[in-house]
Every structure is written in C-alpha cells, then in structure tokens.
Amino acid sequence: MSTILLTVLLIVIMFALLASGLWVALSLLGVGMVGMVFFTDAPTGQIMATTIWGASNSWALAALPLFIWMGEILFRSRLSEELFSGLAPWMTRLPGRLMHVNIIGCGIFAAVSGSSAATAATIGKMSIPELNKRGYAERMIIGTLAGSGTLGLLIPPSIILIVYGVATEESIARLFVAGVLPGIMLVVFFMGYVGIWSLLNPTQVPRERSDLGLMQKIYSARNLIPVVLLIAGVIGSIYVGIASPTDAAAIGVAIALLLSWVSGTLSWKTFVEGLMGATRTSCMIAMILAGAAFLTVAMGFTGIPRLLAEWIGSLGLTPYELLAALTVFFVVLGCFLDGISVVVLTVAVILPLVEQAGIDLIWFGIYIVIVVEMSQITPPVGFNLFVLQALTGKNILYVARAALPFFLLLVLAVVMVVAFPEIVTFLPSQLDAS
Amino acid sequence: MRTFLDALYRLSGAFAALCLIAICTIVLLQVGANLIDAVAAAVTGTAIGLVIPSYAEFAGFFLAAASFFALAYTLRTGGHIRVTLFIQKMTGLPRRIVEIWCTGTGAAMAGYLAYYLVLLVVESWEYNDLSTGMVAIPIWIPQLPMALGVIVLTISLTDEFLRVLRGLPPSYEGLESGEG
Amino acid sequence: ASWDMPTPYPDNNFHTMNIKEFAEDVAKATDGALEIRVHSGGSLFKHPEIKNAVRSGQVPIGEFLLSRLSNENAVFQVDSVPFLATSYADGRRLWAASREKIEALLEKQNMMVLFAVPWPPQGLYANKPIEALDDLKGVKFRAYNTATERLAQLAGAVPTQVEAADVPQAFATGQVQAMITSPSTGANSKAWDFLDHYYQTAAWLPKNVVVVNTRTFRKLDEATRQAVLDAAARAEERGWAASEAETNAKEAELKDNGIKVSPPNAALAGSLSDIGKSMVAEWKETAGADGAAILAKYENK
Ligand code: NA
Ligand code: NA
C-alpha cells in the first residue's frame, strides 16, 4: 500500500474513533494499533507496553501534576478573587477590561510553568468562574485562555524547548532565553486583539468600576501580594539555586497550601477536593501523552513521518518556501499529535534540511515552538482545547472556534519571526557578549 | 459485588492521590536539603551535601503509579476526555449503542494492554532489571502499579459495559465535563 | 529483511553518523537484502527502553550506553571506573580485556554485541580554577550515579544531583559548580555559557554498544550474518578513530569559545590518580571474580 494511501486511511480511522465518542487516549492507542498490526511485522502489544511505561515514568513530566494541583488549591482559595480585585482597577480603562487578566495571568504563570496545558488549566480554573460571573463573552474568555495558555511553552521554563534542545544538542539555556521576546510579542498581540475586538463589540464587554484614584488602585494592589509571593517563591527558589524547574513545582504546591491556610480557606474538605481534582486531571493528561507516545512509535515503525519529510526535502525549496511548507506540515501533523510528539517525530528528519538551508537552529527551535503551539489549539487533538473543554463544559468545536482568532495571531507571530529573526536571536546573542 | 467494585475504584483512586503527595514530599525533602546546604555554606563556608538519593527517579515512578492507579476513578467520575460533539445530541437507543461501543472497545483495549503490561512486569522480574540511578530499584516494583491500574480500568470498563448492556446509564453520565 | 534500529543520540552526533555508515555498509554488502533503518535521537524508543526492546525482539538491533547497566552487574561499569583507563590505548586494552565477560552477560539477555565505540575521555569542568584537590573541597559537584557520587565524596566535593537537562541552569544559579563529562557533551551543551575551566583529566572513556537480538541474528543466512559482522568490525575501527577526532574537535571548540582548556597540573593529577586507585579497589570488591579476571587480564600488558 502506498504511503499516501496509508496516511489517509489512518487519518480517517482517527477521525472515526474520535467522532464515535471513544476516549481520546484510547483513540490514539487504537490508531497506533491499526497502523502497527496491519502495516508492520513488529510485535504490537509488547511495544505498546514498553512505550507506555517509558512515557509515564518521566521526571520532566512530574512537574505537570504538581502545577495542576497548585492550580486546584488556588482555585479553592481566595486567590482568584484577590487576583481580580488586585488587577481589575488597573485593567478597567483598557478596552477589553478584565479579559486582559487571562493574558497577563497566563504570561506571568508561564514563567513558572513548563507546559501549556498546565498554564491554561491553572489560570482558567481561577479566571473562568470570575469572568463568567461578571458577564464577559464566553467565547472570548475561552479564546484568550486557549491562546495565552500556549505561552507556557514559549516563556521559559518550557518542556518542549528541553525536548528540542536534547534532540538537537542545542543549548537549553540559550533556547530558554530566546523564547522571552517572542513570548512578550505574543502577549502584546493577544492584548491588542482583545482591545480591538472590544472596541468593535462594546456591548459585549461588561462595565467595571473605574472611578478609583491612583492611591486606591495601589491600595487594591495589595491583593496581588499572595500571587507575587507565590511567583517569587517559585522563581526565586530556582534563581538562588536550591531548586530545579521541576522542584519549583513542588514549592508552588507548598506555598499555595500555606497561602490558603493563612487565608482560612484550607480545610480537610477543600484539601481532598483539590488533591482528587489534580489526580483526575493529571491522569487524563498523562494517558493522552501515553497514547500519543505509542502512536508516535507506531508511526515511526510505519515510516510515514519520515517519508513525508523526505518528500518535502525532495522538492528543492528556498528557505522561505521551506518554512512555509514546514508550517503547513506541522499544523496538519499538529491536528492529530501533541506538540512534543511532533517535535520528537520530525526533528531528526527535518533538521538536516533546515541546516542545509542555512537556518539558525536556536531560531528554528523557537519557530517550531510557536508552530507547535498552534497544534495545542487545533482540533481534534489539541491539549489546550481538552483542558478548556474540561473546565467549561463546552464541546471541542466551540472551544476550537473560540480559539481560532488566537490561532491566526500565532500565524502572524510566525510571519514576524521569519521577517525579523532578531526577535528571537537578539537575547541569545547578548549571552555571547557577556 | 457492587460494594466491592466501588470500593476497589475508590481505593485505587486514593492510592493515586497518595502517590501525588509522595512526589511532592520527596521533591520538597530534596529542596529542604538544598536549603539547609545553602544555609550551611553561608554560615560555615562548606555545604554538607545532603542528598535524597535518586529522588528524580523516585518522582518519575510515583508519577507513573499516580497516573495508572487513577484510571478507573477518573473514568467513573467522567474525567477522561472524549469528543462529545457528535454523540451529545443522541438519546435512547442510538446513545446506548454508542456507549456499548465505547465501553466495549475500551474494555477490550484495556484488557489487551493489561495483558502485555503484566508480561512486561514478569519480564522485568525474570531478568531482575534494575533502575540506573544511585539507588538500584528492581524495575518490576514501579511497573506493578501500572499493570494493576490498567487491570482495574479493564474491570471498571467491563463493569460499565455490562451496565449499559442492561440498559442502565453509564456511571460517568452527567459527570463528564465535555457534555455541554 | 529490514531492521528498525533505535539509537539515543541525534543525527549530528558522531556515534549516530558512524551507525548510519554501518547501516549503509550492510546494505551495500548484502545487495540491499538487509536494510537497517536508523531511528536516531530516541525517536523510536527512548534511551532507557532500547536495551529491553532489543532483548525481547521488539526491535532487532539498537544502541545504548553500556555503563547504564552498572546497577545490574558491576562488570558493565568497568569502562566508567575513574582513572582505570585514561587514554584511547588503555581504553582499547580494557575493551579487549572485558569484551568476553560483557558479551557473556548480554548473551544471557538474548543479545549479541556487534561493536562498541567510546565517548571522548571525561574531563573536569569547573567555574573556577582547580589547581589542587583542595580546590574541589566543598565544591558542589554533579553526581548522576553511584560512581560519580563516590568520586565527589573522595575528592572532598559535595555530590549534587542534577538531571542532564537542568545542568546549564544549575551552573547559572550556583546549584552545581563542577562536573565531569566528555568534551562532546560540554561543547554540545555550550558549556561556555556557564563555566570557564576545562581540565583534560581523561578520567574514563565510557562506551556505547550496538547489540543485536541473538534469535533474530541467527535467522539470517550465513552470508548476511558474515556481512553484518564484517561491517560491525569496520564500524568499530571507524568509531574509535572518529572518537579521537571528536575529542580534538570538541576541545578546540571549547577553547575557541573562551574556555581555558588545559591538562590538570601534576599535583591535581596525582591526587586524582590516588582516588582512582581506591575506586578501582572498591569496584573490584563489587565486581567479584569476573571483575578480578578482567583486571588481571587488563594489567597483564
Ligand atoms: Na513556561
Ligand atoms: Na492539534
């Protein structure tokens, strides 16, 4: 059977399984099984067991449930209200008002979280109930979260940049630094879009009290002290050298417990609810990652990703054409696989093409993260979509539609870093100078 | 039987939660050790070198145990994500067929996986495979929770399958966050 | 036939390049009857899974770092005992002395060794000058297994656990101040971003092995088997030469980027060698009769 035909067949099966209501993790496993049983001689069951074990006992992944747990604790504390009462007075004059809290909140939280799903989940847990209560347009609430959640992968620390750095032997410290400016640029894009949208749809943005003077604003900002303590504790522990990024997640849990104890919201009931919520969510994500890991290996055995990449390589494209083609390729692949799988699957094959085209590998790492971020918000397989589906109870198509404008802003970000590569390379080049 | 199964799902969920606490605790112990070292270095000039051996490896093992022990509990409470777009409007017989398909296929796949996970544990045990870090842990020990978790998942999916066959709603119905 | 081959390191790594050449060699020698598809960079199986995947026949062939198996049997650790073999010539003799025992141990796990290629010798990286052993006293030293932990203790340093991915950050924040690793790993992780000193201590030369599942191999016809073995022998020779070239290239790269590259001075070298003697003695204890036999063969030049 030709590779193209096989690819199309597997995509159809994937759609069918997902549409039939089969759980996502099992759908990924199922497509992998079909690919392996019918198109390779390799022992499917054993490989499934090995892969799932390998994908599940990961130190880098251990930060994920901890950050989710931290979010669950904060969700049951008074922190969400405090975040709003602290930020709200500063946002009321901006067109779009408190919707900016999602973006700034995600941007700040991304600085302690290495994963985009955890970022969307934590901020979303805090902000969705508040924004709903205040009457903001639900589509924009979901959209801003879906978009800004992806900052978790771009603003350091970042799980995916670690994966890329390991795969390409590029400096992870350098990659981290390179992500900062593009991350800030995206924050600006998102806030700009929310502002413009709000000016065009003034009726859909509820009024906020905006009569506070400067002193009152500063006074209300005291509500931000707990959040600031939390972030300072997490980043500070890394900065003074007593914790790695994963360690810092545990510190986040400890500080969150402490804060909710001090504020009087910690009880046995809220503790157990938070813990069980984190257990459920991290189980769900870990199983999808395990399913994706098996699908990745299955694809590796069928040789599909390699052949597709080789086919792209055979076209003899200019660097810009190559990047355009790769972007389409990654977006299509990202519709079905999670971001880390996309990187792991393709980097080995695509990197020679990229180096041959004279593209800087640090730059390419950031480019690939932005493109992969898009895959977090494209259906049917998009982690931020799943997280927001779980948080809001809306179906995935609704969530995906809400995320579409932010997907387009990510496309714009790609265009910007292609046109102005200095956005990426400026900060790392300062490392050399020092 | 009903009471026993419900207790089984709850118990394995509780184990999962304990594993999550274990990850957090072991990491905090190492951070605490680092903190003591940093203070000691500032006061006496030399750090003590307090180490929780293989703590990263242990955290990874607890993560696997947490993820797999939680499977059945997460299923019953509607925590596993699925695309509800096409099935959410269905009611009556069509919906029942969908749930029979989902739980039946799910039970078969989970059973298949459980079988091979047990084989994996047995192989690790037979060859006495050890972890590679500072502490040599027989790998079958952290692998066992994974196999047990998927076995409990197989049981619970079979349980759900029999429920929907009998015309009862699946126990996750109405709890799924995806239903909107 | 066509074999899927998982390897842990990326495409531009000299081990991977050597393996790809090996695969081409086999294809050429067998007229395409045996095609080896190299899946580099952990893109098929991750490093921790590769050995067991080959053992149980999930893939016919694979590559992994031999001393990963140290906990299973101390004999696998022989090439990572500090200051036992400190040059390529020593490394070759040690491989010759230990190959038989290692092959026998892997044979019990249904695997056959095709070839082994060393990493460049392990050097000492530090963020301050190390003139004597005293300069390592109280220094936070990266430890990632029992051997490196023991080495740090014997040197009076403070063993600190840092995962490979966290190394740059750990140096930047002072969580670690020194580590021992190859010039390749140092250059590939751009060590000049976070430290200034590299000492060519040549502490040990750890090896990657390429193994094949014994049953799968036996199923090949006689001519193909011979072609694989011949290509493996050539790959081993090529790999050792490539490793030496890699050492020079990567040390030059460290130097070009502002790291002070130098041999350890006599005092430091002497102290390290003493530490090596006690670690060899300790290793001999744990490695039992097999270990003693390997050492006897190795020392009997
Ligand atoms: Na981040
Ligand atoms: Na997607």
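The figures follow:
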{"item": "Qualifying residue in the stretch A:94-117 (condition: part of a helix (DSSP H, G or I), at pLDDT below 85, within 16 Å of ligand 2 (Cβ to nearest atom) and touching a Phe, Trp or Tyr at 6+ places or on another chain (Cβ under 8 Å))", "result": "yes"}
{"item": "Meets criteria (facing another protein chain (nearest Cβ under 9 Å), modelled with pLDDT of 95 or more and not in a helix (DSSP H, G or I)) for C:Val113", "result": "no"}
{"item": "Out of B:Ala38, B:Ala16, sole residue that is in a helix (DSSP H, G or I) and under 23 Å from the mean Cα position of the chain (by Cα)", "result": "B:Ala16"}
{"item": "Test: A:Leu404 is within 13 Å of ligand 2 (Cβ to nearest atom), open to solvent by 10 Å² or more (accessible area, probe 1.4 Å), at pLDDT 90 or above and not acidic (Asp, Glu)", "result": "yes"}
{"item": "Residue tally, condition of a type outside the set (D, E, K, R) and within 14 Å of another protein chain (Cβ to nearest Cβ), over the stretch A:219-267", "result": "25"}
{"item": "Segments classed as helices (runs of 4 or more DSSP H), wholly inside the stretch C:8-108, with at least 2 members that are within 14 Å of chain B (Cβ to nearest Cβ) and in contact with a Gly (Cβ under 7 Å, 6 or more places away or on another chain)", "result": "C:47-55"}
{"item": "Test: residue in the stretch C:128-136 that is within 28 Å of A:Tyr239 (Cβ to Cβ) and β-branched (Val, Ile, Thr)", "result": "yes"}
{"item": "Subset of the stretch A:365-375 (residues that are within 16 Å of ligand 1 (Cβ to nearest atom) and either within 14 Å of chain B (Cβ to nearest Cβ) or under 13 Å from A:Leu186 (Cβ atoms) (or both))", "result": "A:Ile366, A:Val369, A:Ile370, A:Glu373"}
{"item": "The stretch B:56-67 - residue that is open to solvent by less than 10 Å² (accessible area, probe 1.4 Å) and within 12 Å of chain C (Cβ to nearest Cβ) and, of those, farthest from the chain's Cα centre (by Cα)", "result": "B:Ala56"}
{"item": "Count - residues of the stretch C:182-210 that are away from every other protein chain (no Cβ under 13 Å) and without any contact (Cβ under 8 Å) to a residue 60 or more places away in the chain", "result": "0"}
{"item": "Filter result for B:Leu75 (under 21 Å from A:Ala19 (Cα atoms), at the interface with chain A (Cβ under 9 Å from one of its Cβ atoms), touching a helix residue (DSSP H, G or I) at 6+ places or on another chain (Cβ under 6 Å) and in contact (Cβ under 8 Å) with a residue 60 or more places away in the chain)", "result": "yes"}
{"item": "Candidate set from the stretch A:294-337 (those that are modelled with pLDDT under 85 and open to solvent by less than 20 Å² (accessible area, probe 1.4 Å)); member that is farthest from A:Val414 (Cα to Cα)", "result": "A:Gly303"}
{"item": "Neighbours by Cβ (under 7 Å, 6+ apart or cross-chain): first from the stretch A:364-376, open to solvent by 10 Å² or more (accessible area, probe 1.4 Å); second more than 13 Å from ligand 1 (Cβ to nearest atom) and outside any helix (DSSP H, G or I)", "result": "A:Gln376/A:Gly382"}
{"item": "Qualifying position, being open to solvent by less than 10 Å² (accessible area, probe 1.4 Å), in contact with a Pro (Cβ under 8 Å, 6 or more places away or on another chain), of a type in the set (A, V, I, L, M, F, W, C) and touching a residue at least 60 places away in the same chain (Cβ under 8 Å), among A:Leu18, A:Leu98, A:Leu74, A:Leu66", "result": "A:Leu18"}
{"item": "Count of residues meeting criterion [away from chain C (no Cβ under 12 Å) and more than 20 Å from C:Leu105 (Cα to Cα)] in the stretch B:122-139", "result": "0"}
{"item": "Odd one out for C:Val212, checked against (1) hydrophobic (A, V, I, L, M, F, W, C); (2) modelled with pLDDT of 95 or more; (3) within 17 Å of the chain's Cα centre (by Cα); (4) not in a helix (DSSP H, G or I)", "result": "(3)"}
{"item": "Qualifying positions in the stretch A:122-170 - within 11 Å of chain C (Cβ to nearest Cβ), more than 16 Å from ligand 1 (Cβ to nearest atom) and crowded, with 24+ Cβ neighbours inside 10 Å", "result": "A:Thr168"}
{"item": "Qualifying residue in the stretch C:239-249 (condition: in contact with a strand residue (DSSP E or B) (Cβ under 6 Å, 6 or more places away or on another chain) and either surrounded by 20 or more Cβ atoms within 10 Å (Cβ to Cβ) or in a helix (DSSP H, G or I) (or both))", "result": "yes"}
{"item": "Checking B:Gly104 against (1) within 22 Å of B:Cys19 (Cα to Cα); (2) within 11 Å of another protein chain (Cβ to nearest Cβ); (3) part of a helix (DSSP H, G or I), the condition it does not meet", "result": "(1)"}
{"item": "Count - residues of the stretch A:212-269 that are among the basic types (Lys, Arg) and out of contact with any Gly (no Cβ under 8 Å at 6 or more places or on another chain)", "result": "2"}
{"item": "Among (1) within 16 Å of ligand 2 (Cβ to nearest atom); (2) over 15 Å from the mean Cα position of the chain (by Cα); (3) more than 14 Å from chain B (Cβ to nearest Cβ) - the single one A:Pro380 does not satisfy", "result": "(3)"}
{"item": "Counted residues, the stretch B:164-180 - those being outside any loop (DSSP other than H, G, I, E, B) and either aromatic (Phe, Trp, Tyr) or without any contact (Cβ under 8 Å) to a residue 60 or more places away in the chain (or both)", "result": "0"}
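The values are calculated or read from the model by the stated rules, or taken from the named source; none is laboratory data. The structure presented is a predicted model; accordingly, all values stated were derived computationally and were not measured. Cβ coordinates were reconstructed from backbone atoms using ideal geometry, including for glycine residues, and neighbour counts include every protein chain displayed. SASA here: full protein model, heavy atoms, side chains in, ligands and nucleic acids out. Shrake-Rupley method; radii C 1.70, N 1.55, O 1.52, S 1.80 Å.
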